[in-house]
Every structure is written in structure tokens, then in C-alpha cells.
Amino acid sequence: MEFILHCFRSIRIGWPSIRHRLCFRELSRSAFFVLTLWVGVAGVAQTDSPLQLSGPSQTETVNQPSGRAESPAPESVSPVSSAAPAAESTPAAAESTPAAAESTPAVAEFVVPTVLPRLTKADLETRIQQVTASVDLDDASKTQITDQLKKALTRLEEAKQSTQRIEQLERQATMAPEEINAAQADLAKLSAKSAEEATEHSKLPLDELRNHHRQAIADLATLDQQLKTLTEEVDRWTKRIADLPTLTAAARSSLAEAEKQLAEIPAAETEDALANARKSLVQARVSQLQQELKLYDTESRVAEDAQRLLSIQRDATGRKQLLKQKQVEGLQAALAKAEKAAAEQQADLARLAAAVMDEPIKGEAELNSLLAEQKTQMLDSLEQDRIKIIERREDYLAKEALYAETRKQAEAAQFSEQIGLVLRTQKHELPSTSKYHQNSIDRRETVSDLTVDILKWEKERRNLLDLDAAVDAALKKAPLQVTEKNRENVESQLREILNDRLNLYRELTEIARKRLNRLMNLESEEVNLAELIDKQAAFVSEHVLWVPSTTPMSLSLAGEAVELLLELANPTTLRRATDTLRKDVVEKPVASIAVWLLLGWLVVSRGRIKRELSRLGNEASRPNATQFAPTANAVMMTALIASPAALLFLWIGWRLTKGSPIGANPYYFGQAFFIGGVCLYGVDFVRHVFRSDGLAEDHFDWDLAANHVLRRGLVWSARVIVPCSVLVVYTELLADELTIASLGRLAFAIAMVTAAGVLWTWVGPKSAIMVRIGSTSQSWLARLGVSLVPLLSLVPLVLLMGSLAGYHYAAVQLSWRFAVSTAIVALLIFGRALLFRWLLITYRRVAIARAKERRAALAHARESTAEMPSDAAEMIESAGHVQLSDLNRQAQSFLRFIPIVLGAFGLYLTWSEFVPALGVINRFELWENVLQSSQSDSGPVYVTLGDLILAIVSAVLTVVATRNIPGLLDITLLQRLPLDAGARYAASALTRYLMIVVGSIATFHYLGVSWGSVQWLVAAMSVGLGFGLQEIFANFVSGIILLFERPARVGDTVTIGEVTGTVTRIRTRATTILDWDNKELIVPNREFVTGNLVNWTLSNPSLRLTTTVGVAYGSNTRLTTRLLYEVAAANPLVLDDPEPVVVFSSFAESTLDFELRVFTNGLTNFRRLRHELHLAIDDLFREHGIEIAFPQRDLHVRSMDGLDIAKLRHEEAVESRL
């Protein structure tokens, strides 16, 4: 009944449209709709069960009525394309809700039946035309309606494509068994075939061989493309099968949603054209989704057969490709052999021709012979390059398969202990890529030579194109004159020779270009191979440290270790090693006798070496020592006194290695002894450095208590750690897992416990070393570092626990790197101490020399000047260009930087092999990297723990670089350039600012912060700070202006306001000026830009000094002028250019005024010159009787009459009463 009511409701919906529009077409459509509904009712009445409305099975019969099926798609030509899956998704699936991944939702309360009037393409196109031609609708409504109808057309077209695809897949499913059987038979035939048809290539002519070779290469390219396409299709089907459940669930959810939308359209709205268009769109979407679900179901049924067929076709094509590749290689070898034979025959003919040619043109024939031989050599090189390319390609494929299998095994086994053994073995067997890099360098030279040869041959070939001109030129260069009688014969022979040469040049050019292509191919193959090896090396290095290398330590392994140790100490084993050494000494006595003589001399001379070392220490410890030779000799004495024990170890290891077969136990023991001898020598050398009369105490002036602590720890290292290290190295070289797990771990445990104790005595909180360092730490950061240093003693214990837990390989490798790093740091500290000792000696010599210069200058000043000015010593000291303290400070900065650079390089080389192992920290994600996520197509990118560590390292390096590199740049580079002090300071400051900017950008980049994400925050902060700190910003900008415009530079003498002095520093906020009282004045940078600034040394350091002197009236003015010129000429501080000038300036009240105008270089000499000029003028004027006048005034008194006096007294009395 519900269905019948719905039918009548549909009739009621259609009737208003008939009544209002009076359109016969609408009436016919409504009648057809009613008839279709009654047919549906009749069909339902014949069923025994209730009508089901929400399954895909009912929609198939309704939407595919009899006689209205779509025409089938044409058969695909290629089985590959016919088996290809459908598109990844459709627009309908893309519109699915978040519930698409879930099961099909339940049917709504009021569900529209799937029995709908069939939409056709012609019907929709007709309705679009009617809407477009309608005069009752406005343009906006027309646009909306046509858009909805066009979308419905698109949905119908997608449904049609799905139907065609279903039919295609059904046909392929029917034919699949036959095609699979045929493909399997074809593959079986190819598997039994070892090579292409046997062809005797050597019997084919050269031209036919070339044709076969070209055709084989073309066939191989076709097979390569087919194999690539088949592989892509197999991968596409694999991905499609994995996506089908998700796509099916999404389509079902979208279908349920579309049916719900269709049911929710009110019946009253269907009389509206826009509502009808919207309803048609929903109906088309339902139809498209139904066909899409059917397509997914069909793909699920045929996917297995399709993928199997494609896989067999891919294998067959791969086999064909391999056989064709072998055929190509055989043809290439045959072609190379034939070309070489032809070239050799051509060279033989050229030599024979040169022998029988006439004498005038014999040289031309010999040149052809040389070119033919060169062609033969190039063909040999060409064939060698081909063989190398094949070898590299095969090596690459083999290694690629091996490495891929290793990775799969490692991931499948979850990096277990067995995989650890595989990774360690592969790590040792990985070839070095350095030879490929060297081959690349050599290959560049070959390419360059070939390019030059090609250009030369092309030029010669173009010259030979005109044979007549070439013949005439050859005859002119002939050594013998050609007679007229023989000229025709000679010209004929010469034409033949030059024509052959033309062909030789062409063939040489072709061979050279072919070789260039092969060299590029060889370069590509070697680059790929090197990248593959490096990639695998990085993979192994990343995981080998984090994979267990053995089982955890147990009592049974400890017992096995004791047994192995007793076996090594067995007299039989020792006797065997002794016999090997004795036999080696008998067979090769020279080397051993030389070592034993040296060893005996060192033992006998040990006391004398100690006494010499003590004498050198006493000489170097004197406060006035100015020679570096005692320190250098002490280094040599220390090296000799530390040699005996290490030399014995080295000799034993050397001779055991040379006298034992490779792979025998004595051979490995000899290698371990040799490494132990090197370590023992280093420990003993450092131990003797800290002797009571050694380098550390007498030469470097290091703390005595710290020296004693270090020496005691080194004694334990030499007695315990070095022997245990020999055992550990021996077990690692022996590569026996039981020996490594037992004896190796026992020796390693003893060494690590001893190392922890030694480190605790060195860096413990109560040790003399840390107490001394803590007393000199001023900043909180330094004190924090001192408090954390004792944690270093825990490193050996951590390595020991890792070894006992089964990570013995990682513990050994890390401990070895730590030991090498410690040796590098110790070596750099020793080198730094030597450099500072040399600097101290140099400083003493320079200080003594300057003290002597100052004393000589003061003595000369006392002799030349009767009265010394009070600041004469200061003026003499300031006359030097560089202060001694500044020189010492700059040199110390430079010498500190050298060990840092060398140490960083050495530590990088030590740890670079294990840098990939730190990639594990990139697995810990912290927060999303907004900068990279916006640019990534593979999903969000996160900031990892590794990025955070890199950001911290970047920040630390930025701080260190900004503090040290500008000064180092000034010392090492800028002072060698033709720049003044101001320019050097500006360059250093700008370098510092640039490093701050670059370091900040790098730090924020690692943290995932980009400029785009913080620019508005920075802009807002800039506005706020601009108002609150505008003076600071003004000073900062003024500092930048000072550095670029440079109105005042470091070293300039300036006057700003009432301040006069020398600019010493220009900072971001203020500039420091050192005045004449040696006081540092801090002046804001803004004053230099906006205030009145006088720069006495901006463009010219010369200053004019004007001395005014007045002589008495009656003095000889011409003599005065001459004497003033003599005073100026006699003073060395007066510049000759501009010349001094004497001016008779004025007749004053009591003097005749003269001015002496002179120029001097710099404000430093200004005060001294004024003093010396005044003294010289006074002396000369006294000598010549010229009086320096002083102001005088004459008073004339006149007498007055008595009446005037009485009157004056009366006026005074009146004024007093008032």
C-alpha cells in the first residue's frame, strides 16, 4: 500500500505542471511515468517477499531495462591496457561523507524506491535547450538550471563508462584462463631458451653486423618499454586491490546519502524547474553510484586473474629482455672485433702504401699509417669501456638485489641478533667508493683530450674537402721537388692518400664521439653504483649500533672467557709465538738487530736523557728565558724516554704479522700488539709530559697537583687499559663470535672499569684538576659546565652495561671513537701549549726590544731638550702603531682558534662514520613543521628531536662564531689588505651582523619557524618597541649608518660637543671615545649622525698649528721672519708639504704680531710640536736680542685750579647726602 500511495503522489506532483504549462510533451512524459509505475506494481505483486529498496541487486534490473543496454566497448588491442584497473576514484566517491569507511548505513524512515524514471542523455540535452530558449526564466535561474542539468549529464556519462568497463572486464574474465595458459606456456619456452637464435656473428660482414646491432638495440628498447609498462600495471592492480574495500564503502555511503537526498525532496517543489533539475542531478548520481558499485564488485572478482596474467606477461617480457640484452652484448663484441680487424687491416695497408710511395709524399702516407694505428687503439679503448659498463651494471644489479634482501630480512627479523651479524659482515665487506671518484677525475681528463682531438680532426677534415687545394699544399710542403715528368703520378697517389685520410678523420671523429657517449654512460653507472654503496653504508651504520651483536653476559660465558685466557697464557701458545719470532730473526736479522740496538741504546741512555730533560726544564723556567730551543729539545727528550716499552710492543706485532700466515692466530695477535704499541706510546708520552721536571711543570707552568693526578691515572692506563685493549682488538680481528662474547667482553669490562676509575680521579668534584678549574670559573655557565664534567666518568660504565647487555659491538666501536677523540683533544692541548710557549717567548723578546727602544728614546729626548715635558714618556709610547698588549691578545685569539678548527676536523673524521646512526633520533616527533608541511605532498612534516639538537648546535655555533670569527678575520685577512683601521672594523662588524642573521635563520628553520609565520608578530612587536625604545632604535640605526657612511672610524680623532678623543669601538648602540686623560667616554651613536662632529683625521691627518708671537716695537722684523722660518725648518715634526709660512699679521698696541703657520701629521704630534716650537722661538730670540713684548700702558697726570677742586668736592657732598 505504501508503494501505491507513492504512485498516486507522483501523479499529483505531475498534474500541476500539466495544468499550468499546457505542454503536450510534459503530458506524455507524465503518462509514461504513470505507466512505468503500474508496471512496477505488477512486478511486485508477483513476488512472495516484501519489496527490498536499498540493495545494489535491485538497481541493476531497473537501470538496465531490456532493449536499452549500452553498446559494448571495443576490444582493446593490448592485453596490458585491457587488464588495467579503473580510475582510482570517481567524483561520487570523492563526495562521500566521513562515514564512508564504515558499513552501509541503514535505510531512512522514508526511502525513495530505486524504481525511477530512466534519465537519458537526449532528454537532458532537450531540457537544456528548452531552458535556454525559455522567456519565463531570468538569466540567473537559467544558469543554475543548466548547471544542474550539465552535472547530471556528466554523471550519466560516468555511469556509461562504468558500464562499458564492466562489460570489458567480463569479457576478459571469460578469456583469462586461456590467456593465462598461453602465457605460462610462452614463459616455459623462454625459460628453456638459453639465448637468442644461434648466429655465427663472426662470419657476417661488417655492414650486416651493424644493421643487426641497430635492430637488436631497437628491439631491446621496445622490450624495455613493455617491461616498464607491465610492471606499472601490476603495481597499479596491487594498489587497486588494496583500495577497493575503501572505495566500495565510500560508494555505498554516497549512494545511501543520495537516496536520502532524493527522498527528502518535497513533492510540492517538483513543479519548479530548478527543483526538477536538482532532482534529475540526484537521480543521475544514484545511477552512477549504482554502476560504480557494480564495477567495484566486478574488479574484485577479476582482479586475481588479471594480476596473475600481468605477472606472467611481465616475467615473460623480462626473460625476453634479458635474452635480447645478451644478444646485443654478443653483437657488440662481434662488431667491436670486426671493427678492430678492419682497422688493423687498414693500418697494415697504410704501412704498405707508405713503403711503396714515392719519396716526396712518403711522409703523407706515414701520417695515414699513424692515424690508422690511432684508430685501432681507440677501438680497443672503446671495447674496454663497453666491458666496464657491463661489469658496473652487473655489479650494481647484484649489489642492489643483495642490499634489498638485507633490508627485507632486517625489517622482517626486527633487527635481531642474527641480523646484527649480517650487518657487521656487510659493513666490513662494503667496497670503498674512493676508486670511483678517482676514476671520475681521470675520466674528465680523457673527455677533455677527446674533445680537443675531435675539434682538431674536424678542422683537418674540413681542410681536406677541397682535394685540389690540399694536394697543392701537400706538394708545396714536400721535402723533395717533384719533377714535371712524375708530377701526374705523384698527384694521383697524393689524392688517394688524402682521400683515405679524409675517411680516417671522419671515422676517428665518429669513434671519439661514440667513446664520449660510453664514457658518460660509464660515469653514470659508477655514480649509481657509488650512490648505492653509500646508501647501504648509511643504512648499515644507522642500524648496526642499535642491533644486539651477541647474547647477554652469563656465567657460562664468563667461564669460557677464563678458559680462553688460560689458553692464551699456556706455555705451548707462548712457545709457538716465541718460535715464530726466533725464526723471523734468523731469516731476517737486519731489521730485528736495528730495532734491538735502538732499544738497547734507549735503555742505557735513559738516565742521561732524564738529566738532560731536567736541565732543559731549569733553563726554560727562568723568567727571562727568550729561546724556544729548550722546549723543542725537551719534546724530543720526552719522545725518547717514552719509547722503550712501546718499541718492544711494535716490534713484536710487526714481526708476528710478517712471519705468520694471514688468518692464523699469531697474525691477528701481531696486529693487536702493533695497535697496542701505538696506544702505549701515546700514553707513555703524555705520562712523561707530566713528570716533575717535564714539559708540563717547567715549560708550560701547569698546576703541580693536577700534573700528579694526571700522571697517576696514566700509569694505570698503561698497566691495565692498554693490555686489555690488545685482547679486545685480538678478539675482534679473530671474528669468532664465542671468543668475542666471552674473552672480548671480559677484557672490555676490565678496561672500562679502570677507565671509569681513572676518569673519576681526573674529573671528580674533589679532584685537584676540577678544584683548580672551579676556582677560575667566573660566569654561571662556566660553573654549570664544571659541575657537569664529572658525568664523563659514567661514560665507560654506560658502555660496559651496553656490552654486558649484548650490544658489545656498539660498545667497542664507541669506546674506540671516544679513545681516538681523547687522543685528538690531548694532542691539540699539547700543541696549543707549545704555541703559547712560543708566543710567550716571542712576547718576551718583543717586550725587551721595545723597552730598550723606549729607554733610547727617553735618553735622546733628555739630550736634545733641556726641559722634558711631563707627558714626554706618554708621547713616546703612543708613537707606536700597535700596543704590545693588543698584539699579545690578538695572537692568543688566533692560536686558540687553530686547535678548535683542527679539533673539529679531526672529530668529524672520527665520528663521521657513525653520523647516520644518529638518524634514529629523527624518529621522535615533537611538533608539526608548518613551513615544510605546506610544501610537502606526502602529508605533514614534523620537527624531530634531531632537528631540535641541530637547532641548539646552530645557535651555539652562531654565538661562538660571532664572538671569534670577526676578530680572526681581522687578524688573518683584513690587516693584510690595503684598508685602514676604520674599514677593517666596519667589515668585522658587518660580518658579525651577517653571521647573526644567518645563524638565526638556520636555527628557526630547524625549529620549523618561517618568516611567513612570524612576520605579523614581528611587525606588531616592532611598532610597540619603536614607540617604547625609539632612542635605542635610533642609536642602532645610527650605528649602521656609521659603519656604512663612515663619518667617524675606529682610530679617528674626533670632537663632538665638548668631547675630544680617539674612537676605539663602534657598537650597535654607542661609540666609545678615549680622551687625552685616558678616560673612555660612551657617546650614543645618534650624536654622531645628528650632532656637530669634527673629525680631525677623516680625509687628511695633517693639522695646521698656528703660533702667534709679538715682538717689541723697534725690533728687526726681517730678522724675526728669518728666525721663525729657521725654527720651522729645524723641527722634524713639521711637514715640508704644505710649507711653513710666516706672516707679519698686525701692529698691535704694544707689539708687532707675527704668526708661524706649520703643518704636522696627526693630533698625537700636535701638543709636542707646540711645546718644541715655543722653546725654539724663545731660545733664538734671546740669542739674537729680539724682545718678546708684553702689554705696556703710560699714565699722564695733569694739575687742576682751586675753583674746580672746590666745585668737585661740593658735587661729591651732594651725591653722598642723596
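The values are calculated or read from the model by the stated rules, or taken from the named source; none is laboratory data. It should be emphasised that the depicted structure is a prediction, and the values quoted were computed from it without experimental measurement. Because the Cβ atoms are built from the backbone with ideal geometry, glycine has one as well, and the counts that use them run over all protein chains shown.
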Inset, instruction - Would you be able to tell me the number of residues in segment 495-529 that are of a type in the set (Asp, Glu) and closer than 17 Å to SER381 by Cα? - result: 3
Inset, instruction - Please work out if SER448 is at pLDDT 85 or above and surrounded by 14 or more Cβ atoms within 10 Å (Cβ to Cβ). - result: no
Legend entry - Residue list for segment 528-564, filter: hydroxyl-bearing (Ser, Thr, Tyr), part of a loop (DSSP other than H, G, I, E, B) and surrounded by 19 or more Cβ atoms within 10 Å (Cβ to Cβ): SER549, THR550
Inset, instruction - Write out, first by first residue and then by second, each pair whose Cβ atoms fall under 6 Å of each other, whose residues are 6+ apart or on separate chains, and whose first residue, in segment 808-826, is in contact (Cβ under 8 Å) with a residue 60 or more places away in the chain and of a type outside the set (Lys, Arg) while the second is crowded, with 17+ Cβ neighbours inside 10 Å and not in a helix (DSSP H, G or I). - result: HIS808/SER549; HIS808/THR550; TYR809/SER549; ALA810/LEU545
Inset, instruction - Kindly list, by first and then second residue, each pair from a residue in segment 738-749 that is in contact (Cβ under 8 Å) with a residue 12 or more places away in the chain to a residue that is in a helix (DSSP H, G or I) and charged (D, E, K, R), limited to pairs with Cβ atoms under 7 Å and residues at least 6 apart or on different chains. - result: LEU738/GLU560; ILE740/GLU732; SER742/GLU560; GLY744/GLU732
Legend entry - Residue in segment 1182-1198 that is in a helix (DSSP H, G or I) and either outside the structural domain of ASP1075 (by TED's automatic domain parsing) or modelled with pLDDT of 85 or more (or both) present: yes
Legend entry - Test: ASP243 is in the same structural domain as GLN164 (by TED's automatic domain parsing) and free of Cβ contacts under 8 Å to residues at least 40 places away in the same chain: no
Legend entry - Exclusive hit being of a type outside the set (Val, Ile, Thr), more than 30 Å from ALA133 (Cα to Cα) and exposed (fewer than 15 other Cβ atoms within 10 Å of the Cβ), set GLU304, GLU299, GLU259: GLU304
Legend entry - segment 583-631, residues that are over 49 Å from the mean Cα position of the chain (by Cα), small (Gly, Ala, Ser) and not in a loop (DSSP other than H, G, I, E, B): SER592, ALA594, GLY600, GLY607, SER614
Inset, instruction - Determine if segment 151-174 includes at least one residue that is at pLDDT below 85, in contact with an Asp or Glu (Cβ under 7 Å, 6 or more places away or on another chain) and surrounded by fewer than 18 Cβ atoms within 10 Å (Cβ to Cβ). - result: yes
Inset, instruction - May I ask you to verify whether TRP651 is in contact (Cβ under 8 Å) with a residue 40 or more places away in the chain, farther than 30 Å from ALA810 by Cα and of a type in the set (Phe, Trp, Tyr)? - result: yes
Inset, instruction - Could you tell me whether any residue of segment 1101-1110 is more than 60 Å from the chain's Cα centre (by Cα), surrounded by 15 or more Cβ atoms within 10 Å (Cβ to Cβ) and part of a loop (DSSP other than H, G, I, E, B)? - result: no
Legend entry - Qualifying position, being aliphatic (A, V, I, L, M), at pLDDT below 85 and within 53 Å of the chain's Cα centre (by Cα), among ALA263, ALA306, ALA250: ALA306
Inset, instruction - Please specify each residue of segment 574-613 satisfying the condition of being buried (at least 17 other Cβ atoms within 10 Å of the Cβ) and of a type in the set (S, T, N, Q). - result: THR580, SER592
Legend entry - Pair list, Cβ under 7 Å, 6 or more apart: segment 148-166 residue closer than 15 Å to LEU293 by Cα, other residue outside any helix (DSSP H, G or I) and of a type in the set (D, E, K, R): LYS160/GLU70; THR163/GLU70; GLN164/GLU70
